[in-house]
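Student: My questions will all concern the structure given below.
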Amino acid sequence: MPQEVPNFRHLRAYCAVAERRSVSRAADQVHLSQPAITQAISKLEKRLGVPLFERRSNGMYPTEPGSVFHERARRVLGLLETGAKEFARIDVRKGARGFSNFDHLVTVAQMRALCAISRTGNFSLAARSVGISQPSIHRAARDLERLAGAPLFVTRSEGIELTRGAQALAQHAKLAFAELKQGLAEIAEWLGQDTGRIVIGSMPLARTRILPEALNNLTRSRPNVSVRVVDGPYGDLLHGLRHGELDLLIGALRNPPPIGDVNEILLFEDALAIAARAGHPLARKKRIAGADLLGFPWVVPPEGAPTRTFFNSMFAARELANLPGLIETSSLAMVRGLLCGSDRLTIISAHQIMHEQRQGLLVQLPLNLPGSVRQIGLTVRRGWRPTATQKELLGHLRRASPSIEQ
């Protein structure tokens, strides 16, 4: 998240003015003086670099960028409110001394401290990650506990652990910061300063062609956009998506989604194949039986991956147990190296090895795998609103997909 983000109190004042069309009515709603509201709007406009309101004789009306940012600010405050309610439902006992609407009182510093402690499990590492002293992050964390009216942290031998309620609060805080990042990117787009950042979680198949093609096309029209591609196990990527650390996830869909706060978008369907090095003994056969596959070592994805699940279904339990030299990896580079230097086999999408096939390094064996078709697509947070740049990327991903499907 950005080093400098707008003050939550300023966002609340801004939203009140946008909705009430009046500084005086907004002051009544958020319990601030009119000068305080005016100052908050002025600071926010200076921070964003755009006028947020047109001052008319009959009221305050949002400008074009003001309307765009109002929707983002409203979602930020809504996420903080939901997180506070979840915390209270899970952790706050009857008669606790916290504030009932403590989300109205929390600061950016306190929420950043909570997110950092959640991420690192250590006050010292958390302080270093957000660039403040350890006493400062301790103070922010304890002040947040006082506002919330219940403990947020439990000390374990391995570090600091968040309570269940604090985990829910931290997740919503991370999503609020992600939403704020989206709002700041949209303001930059409006100003013609398209310097946004997109973070994509990618599973193996998309890395070979879909994602490179889409990103090359995106950066031709938006050369200043920064993109980070993160790979890793599906569970880690899904966690990052749900906590606002990733903007979207591309790869094999789980269908139905494993949890209710994400949506899946189908791009194309893809069948699996058995691959080996060029010149492999089985590559010379015109017809291959299942029994032929038992005499060779394999390199396969880790347990839990849809491809591994299908691989396991190809053999009886006793046959699986007797397969020689099974190696697990999700790295295409590792798969390529192992196959090219041995008689190993792998199960993989033919699209993932298209470059190796063109170079004459690997071949697809003549064996059909009924029932191996997988759905490939995008996973996004439910209710996610992409920026204009992100929408353009989605378009490029869709246009890249049919060429792979064909």
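Student: Find, to one decimal place in angstroms, the Kirkwood hydrodynamic radius of the chain, where the mean of 1/r is taken over every pair of different Cα atoms and then inverted.
Tutor: Evaluated on the chain, it is 24.3 Å.
Student: Where the Cα atoms of the stretch 1-85 are projected onto their three principal axes, how long is each span, largest first, in whole Å?
Tutor: 38, 27, 20
Student: Under the classification rounded if a/c is under 1.5, otherwise prolate if a/b is larger than b/c and oblate if not, where does the stretch 272-372 fall, given a ≥ b ≥ c as square roots of the Cα gyration tensor eigenvalues?
Tutor: Taking the square roots of the gyration eigenvalues as a ≥ b ≥ c, the stretch 272-372 is rounded.
Student: Something else now. Kindly provide the GluC sites (Glu not before Pro) of the stretch 275-367 that DSSP labels as loop, not H, G, I, E or B, and whose Cβ sees at most 14 other Cβ atoms within 10 Å.
Tutor: Answer by residue number: Glu303.
Student: Next question, about the same structure. How would Glu264, Glu54, Glu179, Glu158 line up from fewest to most surrounding beta-carbon atoms within 10 angstrom?
Tutor: So the residues, fewest neighbours to most, are Glu158, Glu54, Glu264, Glu179.
Student: Rg and Dmax in Å for the stretch 1-40, alpha carbons only: what are they?
Tutor: Considering the stretch 1-40 through its Cα atoms, Rg and Dmax are 10.5, 33 Å.
Student: Sticking with this structure for a sec: So how do Met354, Met60, Met111 line up by other beta-carbon neighbours within 10 Å, fewest first?
Tutor: Going from least to most buried by this count: Met354, Met60, Met111.
Student: Non-local amide H neighbours of Glu328 (under 5 Å, H modeled in plane, Pro and chain starts lacking H): which ones?
Tutor: Amide H neighbours of Glu328, under 5 Å, 5+ apart: Val300.
Student: Same structure again: Which whole-number percentage describes the relative contact order of the chain, with Cα contacts under 8 Å and a sequence gap of 6 or more?
Tutor: 16 percent
Student: For the stretch 326-403 and the stretch 34-100, what is the separation of their Cα centres, given in Å?
Tutor: Rounded to whole Å, the Cα centres lie 43 Å apart.
Student: So what is the relative contact order of the stretch 132-252, in percent, for Cα pairs below 8 Å that sit 6 or more residues apart?
Tutor: Rounded, it is 27 percent for the stretch 132-252.
Student: For the residue pair Thr155 and Phe315, what label-to-label distance in nm results when each label sits 7 Å from Cα along the Cα-to-beta-carbon direction?
Tutor: Distance between label points: 5.1 nm.
Student: In addition: If you restrict to DSSP beta bridges whose two residues both lie in the chain, what percentage is antiparallel, to the nearest 5?
Tutor: 70 percent
Student: Reachable lysines from Lys85, Cα under 22 Å, same-chain residues fewer than 8 places away excluded?
Tutor: Lys94, Lys174
Student: Same structure, new question: For all pairs of alpha-carbon atoms in the stretch 174-213, what percent lies in each bin of width 10 Å, listed from the first bin to the last filled one?
Tutor: With a bin width of 10 Å, the distribution comes to 25, 34, 33, 8.
Student: Calculate, axis by axis, the spread of Cα positions in the stretch 47-119 along the three principal axes, and write the results as whole Å, longest axis first.
Tutor: Computed over the stretch 47-119, the largest-to-smallest principal extents equal 49, 30, 16 Å.
Student: Something else now. Can you tell me what percent of all Cα-Cα pairs in the stretch 8-173 are more than 22 Å apart?
Tutor: When all Cα pairs of the stretch 8-173 are counted, 49 percent exceed 22 Å.
Values quoted throughout were computed directly from the atomic coordinates according to the rules given, and no laboratory measurement underlies them. Keep in mind that this is a model prediction, so the values were computed, not measured. A quick note on method: Cβ atoms are made from the backbone with ideal geometry, for glycine too, and the neighbour counts reach across all protein chains shown.
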